[in-house]
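Below: the structure, in structure tokens.
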Amino acid sequence: METLLLVLLAANAAPVHDIPRLDKIVVDGKPDAWGARGFRVHRMADRKGQTRPANDFAPAFRLGWSDEGLLVLVTVKDDTAIEAPDDGLWSRDGIEIFVAARRRSPQYYQLALAPGASPVQPELRKRLVDKRKDQSQQLACEAARTKTKDGYICEILLPWKNIGVEPKAGHVAAFQIYVNDYDKDETGNYQVVWHPYNQA
């Protein structure tokens with residue numbers, strides 16, 4: 001199996017994970033083409049290592065890669081959908097992803113994504129925030145969302161050209177993902193992370 005090595009974006013001493021190559025993936029917001037494939041993270045915790053009850057908020061995700069880019073499939077169980085206006089997609093329910101050519105690379109960017117699971121904000125919205133030193137290549141990504149009975153599924157393609165990488169087995173890229181939850185009647189903003197910043 002051809003694997004690409006993925007490392008934590010921000011930490012000083014990050015683990016490296018083998019991410020499998022996946023072919024025939026169409027970004028449609030559905031997990032069908034993934035089958036049982038992909039590098040899986042079944043449960044995400046906050047920076048203190050804590051989680052909310054699974055019937056309240058339970059994100060999980062899978063990773064793969066292709067010649068086009070890094071593939072991400074995020075499944076979120078959330079009992080209440082509250083999404084932000086256009087000027088702050090990261091401040092309510094949604095997903096934040098950071099990608100770089102390598103750990104501590106000046107070639108990195110952020111994707112903020114609001115899934116459109118809320119009746120008030122019914123469309124998927126995304127914003128790319130360019131933090132790259134070299135911005136000659138315009139940022140792009142593909143994303144699609146499917147609503148489920150208890151949350152949503154987002155499928156994302158993050159092109160290699162965004163970070164100037166030629167994909168090949170054994171290459172080390174950097175990746176970080178946050179999933180945000182907002183509940184008015186509880187603690188407000190809540191965020192789970194993979195990986196959290198190294199606090200040491």
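The values are calculated or read from the model by the stated rules, or taken from the named source; none is laboratory data. Bear in mind the structure is a predicted one, so any value in this text is a computation, not a measurement. As a convention, Cβ positions derive from the backbone with ideal geometry for all residues, glycine included, and neighbour counts pool all protein chains shown. Surface accessibility is based on the protein's heavy atoms, side chains included, excluding ligands, DNA and RNA. Shrake-Rupley method; radii C 1.70, N 1.55, O 1.52, S 1.80 Å.
Pick from region 17-35 the residues that are small (Gly, Ala, Ser) and in a loop (DSSP other than H, G, I, E, B): which of them is surrounded by the fewest Cβ atoms within 10 Å (Cβ to Cβ)? Walk me through how you get there before you give the answer.
The initial filter retains those residues of region 17-35 that are small (Gly, Ala, Ser), namely 29, 33, 35.
Of the ones still in play, those that are also in a loop (DSSP other than H, G, I, E, B) are 29, 35.
Details: 29: 18, 35: 8.
Applying the filter and picking the extreme gives 35.
Any idea which residue in region 165-200 is most open to solvent (accessible area, probe 1.4 Å), counting only those that are at pLDDT below 90, in contact with a helix residue (DSSP H, G or I) (Cβ under 8 Å, 6 or more places away or on another chain) and part of a strand (DSSP E or B)?
The qualifying residue most open to solvent (accessible area, probe 1.4 Å) is 189.
Being in contact with a Pro (Cβ under 6 Å, 6 or more places away or on another chain) and buried (at least 17 other Cβ atoms within 10 Å of the Cβ) is true for just one of 116, 38. Which residue is that? It would help to see each step written out before you state the result.
Values: 38 fails: in contact with a Pro (Cβ under 6 Å, 6 or more places away or on another chain).
Selected residue: 116, the only one of 116, 38 that is in contact with a Pro (Cβ under 6 Å, 6 or more places away or on another chain) and buried (at least 17 other Cβ atoms within 10 Å of the Cβ).
Given (1) in a loop (DSSP other than H, G, I, E, B); (2) more than 29 Å from residue 15 (Cβ to Cβ), identify the lone condition not met by residue 144.
Every listed condition holds for residue 144 apart from (1).
Might you let me know whether region 186-194 holds any residue that is within 19 Å of the chain's Cα centre (by Cα) and more than 16 Å from residue 44 (Cβ to Cβ)?
Looking for residues that are within 19 Å of the chain's Cα centre (by Cα) and more than 16 Å from residue 44 (Cβ to Cβ), one finds none in region 186-194, hence no.
Please work out if residue 33 is in contact with a helix residue (DSSP H, G or I) (Cβ under 6 Å, 6 or more places away or on another chain) and under 30 Å from residue 164 (Cβ atoms).
Numbers: in contact with a helix residue (DSSP H, G or I) (Cβ under 6 Å, 6 or more places away or on another chain): no; under 30 Å from residue 164 (Cβ atoms): yes.
So residue 33 does not fit the description; no.
Please work out which residue is surrounded by the most Cβ atoms within 10 Å (Cβ to Cβ), limiting yourself to region 86-113 and to residues that are over 16 Å from residue 189 (Cα atoms) and among the small types (Gly, Ala, Ser).
If we filter region 86-113 for residues that are over 16 Å from residue 189 (Cα atoms), which is where we start, we get 86-87, 97-111.
Then drop every residue that is not among the small types (Gly, Ala, Ser), which leaves 100-101, 105.
On the way: 100: 23, 101: 19, 105: 17.
The selected residue is 100.
Residues 139, 157: which one is at pLDDT 95 or above and either part of a loop (DSSP other than H, G, I, E, B) or open to solvent by 70 Å² or more (accessible area, probe 1.4 Å) (or both)?
Details: 157 fails: either part of a loop (DSSP other than H, G, I, E, B) or open to solvent by 70 Å² or more (accessible area, probe 1.4 Å) (or both).
Matching residue, one of 139, 157: 139.
Conditions: (1) open to solvent by 70 Å² or more (accessible area, probe 1.4 Å); (2) farther than 20 Å from residue 147 by Cβ; (3) assigned to a strand (DSSP E or B). Residue 77 meets all but one. Number of the miss?
Status for residue 77: all satisfied but (2).
Just give me the residues in region 1-30 being within 16 Å of the chain's Cα centre (by Cα), closer than 23 Å to residue 195 by Cβ and either at pLDDT 95 or above or not aliphatic (A, V, I, L, M) (or both), in sequence order.
Our first condition is that a residue be within 16 Å of the chain's Cα centre (by Cα); within region 1-30, this holds for 6-10, 17, 19, 27-30.
Keeping just the survivors that are closer than 23 Å to residue 195 by Cβ gives 6-10, 17, 19.
Scanning region 1-30 gives a single hit, 17.
Going through region 48-59 one residue at a time, which ones are surrounded by 16 or more Cβ atoms within 10 Å (Cβ to Cβ) and either part of a loop (DSSP other than H, G, I, E, B) or within 12 Å of the chain's Cα centre (by Cα) (or both)? Step through it out loud before you land on a result.
Within region 48-59, the subset surrounded by 16 or more Cβ atoms within 10 Å (Cβ to Cβ) is 51-52, 57-59.
Selection gives 51, 52, 59.
Among the candidates 165, 172, which residue alone is closer than 20 Å to residue 68 by Cβ, in contact (Cβ under 8 Å) with a residue 24 or more places away in the chain and touching a Leu at 6+ places or on another chain (Cβ under 7 Å)? Steps first, please.
Values: 165 fails: touching a Leu at 6+ places or on another chain (Cβ under 7 Å).
Residue meeting the stated conditions: 172.
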